[in-house]
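Below: one structure, written as structure tokens.
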Ligand SMILES: [Zn+2]
């Protein structure tokens, strides 16, 4: 958006200062800026809560993404004009024993608490939204709407009653698994392959319970078979909170055309991720990989670090990022995935889920301040205002409303 704002001021200067005809490019930039400001913009997946564990990180303060400040905070959401974001309560998959399940459930509670502390601290800037109506009200009051999703159903363990416990704490979607199989379903990335051949018997109960409560089922990270099992069972539309298309990038985390067609029939939506390696085949960077591995080894895989050790580790991490720069995808390549879905099943089944602070970053959309560049690319490619409004949140709000209606029935 920075870029857009500076473009916009050039455009205005040209218009008022020189009274010259505004070029077509400048007209598009001005139109983008106006549209991007007017519509409700929703990002369905940011991993920013991971940062809240770090003592002293205040979402109400502006940070620098190039200095280890992450991709998002409330002032930068304002700058980039992002109205609403689903904060992921993420836990990595570990052991599935009663003791480990108990421990991870408590960690999930603690992460939710840490977001609530930030919302309380910054209540003039942002507020929790528990449904579509609340989201719209918060946005119309000029505040950021923050919603909770849970990335990985691991904290549910094998206790069905915990689905409602988490729902009551504000969790509006559950990404059924992460990069390993869990008690709910098989993952797309588990190196050991399938364990349940899709959704487990317990997973089927979880899907029914989520339908009953009005929680969105998130199929990002699940195996293809798990996806089809969910679709077979669910009475409500589902979301992929942060995925791309396999036709453009052959990666197990992405959705095949067949899956996208099935998703569209279900009434659901795929939220395209700003994750370079899902967008395109990125160039290998072995020096960066080994430097990162060396750092992990040096700092005990970043476990049980003191505040000083944590600060030192993150400084070294930033330095590695600076020296060995990653091959990043561009906004244009991201929008290619939107084009693909729109051409395949129409405009009603595609949206955006950045994965900021979980690996989401693009060359020309490095953090939340630059999301206007996505709108600009859509404008340039001829998407109408209505279509862009659907991509940026309209489709997601439709799905969320349908999910709520199924619960009421
Ligand atoms: Zn993820």
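Computed from the coordinates by the stated procedures, all read-outs in this text should not be read as laboratory data. Note that this is a predicted model, so its numbers are computed, not measured. Cβ sites come from the backbone with ideal geometry, for glycine too, and all protein chains shown count toward neighbours.
Largest GNM mean-square fluctuation among 236, 108, 294, using the chain with Cα springs under 10 Å: 294. Modelled label positions at residue 405 and residue 343, each set 7 Å beyond Cα in the direction of Cβ, lie 3.1 nm from each other. When you count the other C-beta atoms within 10 angstrom of each residue and take the mean per peptide, 149-155, 229-235 line up highest first as 149-155, 229-235.
The peptide list 130-137, 296-303, 91-98, put in order of mean Cβ contacts within 10 Å with the highest first, becomes 130-137, 91-98, 296-303.
Label-to-label distance, residue 133 versus residue 311, with points set 7 angstrom from Cα along the beta-carbon direction: 4.7 nm. Convex hull volume per residue, computed on the Cα atoms of the stretch 34-79, equals 86 Å³. Put in order of Cβ neighbour count within 10 Å, fewest first, the listed residues 308, 37 become 308, 37. Would you work out if the stretch 129-168 is rounded, prolate or oblate? Take a ≥ b ≥ c from the square roots of the eigenvalues of the alpha-carbon gyration tensor; rounded if a/c is under 1.5, else prolate when a/b is larger than b/c, oblate otherwise. Prolate, since a/c reaches 1.5 and a/b exceeds b/c. Report the label-to-label distance for residue 120 and residue 158 in nanometres (one decimal), using points 7 Å from each Cα along the Cα→Cβ vector. Modelled inter-label distance: 3.6 nm. Say R0 is 25 Å: what FRET efficiency, to the nearest 0.05, do residue 319 and residue 363 get from their beta-carbon distance? Computed FRET efficiency for residue 319 and residue 363 comes out at 0.80. Over the stretch 312-409, the hull volume per residue, using the convex hull of the C-alpha atoms, is 131 Å³. Averaging Cα coordinates gives a centre for the stretch 265-285 and one for the stretch 166-234; these two points are 19 Å apart.
Straightening the chain between residue 235 and residue 283 buys 13.2 nm, computed as 0.36 nm per residue apart minus the Cα-Cα spacing. Among 70-82, 248-260, 340-352, sorting by the average number of other beta carbon atoms lying within 10 angstrom of each residue, highest first, gives 70-82, 340-352, 248-260.
The helix-based estimate of mean residue ellipticity at 222 nm for the chain, built from -39,500 (n - 2.57) per DSSP H run of four or more residues and divided by its residue count, is -14000 deg cm²/dmol to the nearest 500. If you model the chain as an ellipsoid using its alpha carbon gyration tensor, with each semi-axis the square root of five times an eigenvalue, the axes come out at 32, 26, 22 Å, biggest first. What relative contact order, as a whole-number percentage, does the stretch 264-409 give when Cα pairs under 8 Å and 6 or more residues apart are counted? Over the stretch 264-409, the number comes to 33 percent. Determine, at each q value in 0.14, 0.17 (inverse angstroms), the log₁₀ of I(q)/I(0) that the Debye formula gives when each Cα of the stretch 229-375 is one equal point scatterer. At q = 0.14, 0.17 Å⁻¹ the computed log10 ratios are -0.76, -0.96.
Of all beta bridges that DSSP places with both ends in the chain, some 10 percent have antiparallel geometry.
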